[in-house]
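First the structure, in the form of structure tokens, and then the observations on it.
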Amino acid sequence: MESLHLVECTERDIDILKQVSIETFTDTFKDQNKEENLMDYINSSYTTEKLREEITEDESHFYLIEKSEEIIGYLKLNVGNAQTESMKENAMEVERIYIRSKFQRSGYGKYLIQLAESIGKKWNKSYIWLGVWEKNFNARSFYEHMGFHKVGQHSFYMGKEAQVADILLKRI
């Protein structure tokens, strides 16, 4: 994509990661969840301390995507023990693809999946995988279109409410 700037994040990027995380997560899930559950999740998952812990993890990698000096979103990849589920040894997790709402449906998600595939190949991975909330129909449809298929499920909590995410896998 033209005039995109991609940078691997460091601790100096925590504030923008926090801002984009909260904004995109809220935009995506506010209409289908109770506000108190959404806020509990945000207040535990997107603190400065939690993001600092994640960004300094050797087996996690964050990439900001920017165009015309505006942050469009970011990608988070995990390998080894940083993966949130036990998967095949030669797999890499795409834990987050967060695109700001005004940039969605413009090809940036596809760009980030293709970037993840390229990085996975460079790191000698044969598979990439991700979890997607079973009720996030737009995201599930997008990932299926990108060649992912369901291989399982796992539970997670949005505040006090148990929810289910489908585990999707793609051979690269």
Q: Could you tell me whether residue 36 is open to solvent by less than 70 Å² (accessible area, probe 1.4 Å), farther than 21 Å from residue 127 by Cα, out of contact with any Ser or Thr (no Cβ under 7 Å at 6 or more places or on another chain) and touching a residue at least 60 places away in the same chain (Cβ under 8 Å)?
A: no
Q: Kindly provide the set of residues from the stretch 122-132 that are open to solvent by 20 Å² or more (accessible area, probe 1.4 Å) and in contact with a helix residue (DSSP H, G or I) (Cβ under 9 Å, 6 or more places away or on another chain), ordered by number.
A: 125, 126, 127
Q. (1) in contact (Cβ under 8 Å) with a residue 40 or more places away in the chain; (2) open to solvent by 20 Å² or more (accessible area, probe 1.4 Å); (3) not hydroxyl-bearing (Ser, Thr, Tyr): which one isn't true of residue 49, the others all being true?
A. (1)
Q. Of a type in the set (D, E, K, R) and surrounded by fewer than 18 Cβ atoms within 10 Å (Cβ to Cβ): does that describe residue 160?
A. yes
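Hey, can you tell me all the residues within the stretch 7-33 that are outside any helix (DSSP H, G or I) and surrounded by 15 or more Cβ atoms within 10 Å (Cβ to Cβ)?
Matches in the stretch 7-33: 9, 33.
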(Q) Residue under question is residue 102, and the condition is that it be open to solvent by 40 Å² or more (accessible area, probe 1.4 Å) and over 18 Å from residue 76 (Cα atoms); does it hold? (A) yes
(Q) Can you tell me which of (1) in a helix (DSSP H, G or I); (2) among the hydroxyl-bearing types (Ser, Thr, Tyr); (3) farther than 25 Å from residue 152 by Cα is the one residue 63 doesn't meet? (A) (1)
Q.
So, residue 119, is that one buried (at least 17 other Cβ atoms within 10 Å of the Cβ), out of contact with any Leu (no Cβ under 6 Å at 6 or more places or on another chain) and under 17 Å from residue 65 (Cβ atoms) or not?
A. yes
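One line per residue, one yes/no per condition, for (1) without any contact (Cβ under 8 Å) to a residue 12 or more places away in the chain; (2) part of a loop (DSSP other than H, G, I, E, B); (3) touching a strand residue (DSSP E or B) at 6+ places or on another chain (Cβ under 6 Å); (4) over 24 Å from residue 57 (Cβ atoms):
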{"position": "81", "(1), (2), (3), (4)": "no, no, no, no"}
{"position": "106", "(1), (2), (3), (4)": "yes, yes, no, yes"}
{"position": "125", "(1), (2), (3), (4)": "no, yes, yes, no"}
{"position": "140", "(1), (2), (3), (4)": "no, no, yes, yes"}
Q: Only residues in the stretch 151-172 that are over 20 Å from residue 114 (Cα atoms) and β-branched (Val, Ile, Thr) count as the first member; pair them with residues that are surrounded by fewer than 16 Cβ atoms within 10 Å (Cβ to Cβ) and at pLDDT 90 or above, Cβ under 6 angstrom, at least 6 apart or cross-chain, and list the lot.
A: 164/134; 164/153; 164/155
(Q) Can you say whether residue 74 is touching a residue at least 40 places away in the same chain (Cβ under 8 Å), part of a helix (DSSP H, G or I) and hydroxyl-bearing (Ser, Thr, Tyr), as far as the supplied structure shows? (A) no
Q) Can residue 57 be described as open to solvent by 20 Å² or more (accessible area, probe 1.4 Å), more than 16 Å from residue 112 (Cα to Cα), of a type outside the set (Phe, Trp, Tyr) and part of a helix (DSSP H, G or I)? A) no
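The values are calculated or read from the model by the stated rules, or taken from the named source; none is laboratory data. As the structure is a prediction and not an experimental result, all values here were calculated from the model. Cβ: placed from backbone, ideal geometry, glycine included. Neighbour counts: every protein chain shown. Protein only, heavy atoms only, side chains kept; ligands, DNA and RNA dropped before computing areas. Shrake-Rupley method; radii C 1.70, N 1.55, O 1.52, S 1.80 Å.
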